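Each reported figure results from applying straightforward, stated rules to the coordinates on display, with no laboratory input. All values derive from a computational prediction rather than experimental measurement. Cβ placement follows ideal geometry from the backbone for every residue including glycine, while neighbour counts extend to all protein chains displayed.
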């Protein structure tokens, strides 16, 4: 899938959206040089709440997974 297909076209079914750190239990991913690597952090679901969420970011056309969140704990 392309970035557009994930973030726009299928955003509703994947529940894909940008992460707003101000509304989460974390303040960032905690990666070295994160401010240079991550333009926009994203999360999406693999299936309807059964397997939680995937968190990460895009660099060009590649999505880098940082966390798997099976219990959806990033948002309290």
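Of 14, 37, 46, which is the most mobile in a GNM of the chain whose springs link Cα atoms less than 10 angstrom apart?
Answer for the Gaussian network model of the chain: 37.
Need one word for the chain: rounded, prolate or oblate. Basis is the Cα gyration tensor (sqrt eigenvalues a ≥ b ≥ c); a/c below 1.5 gives rounded, then a/b vs b/c decides.
It comes out oblate by the Cα gyration axes.
Suppose only helical runs count, i.e. DSSP H with n ≥ 4. What mean residue ellipticity at 222 nm does that imply for the chain under -39500 (n - 2.57) per run, divided by all residues and rounded to the nearest 500 deg cm²/dmol?
Result for the chain, helices only: -1500 deg cm²/dmol.
Using 7 Å Cα-to-Cβ label points, what is the residue 9/residue 24 separation (nm, one decimal)?
So the label points at residue 9 and residue 24 sit 2.6 nm apart.
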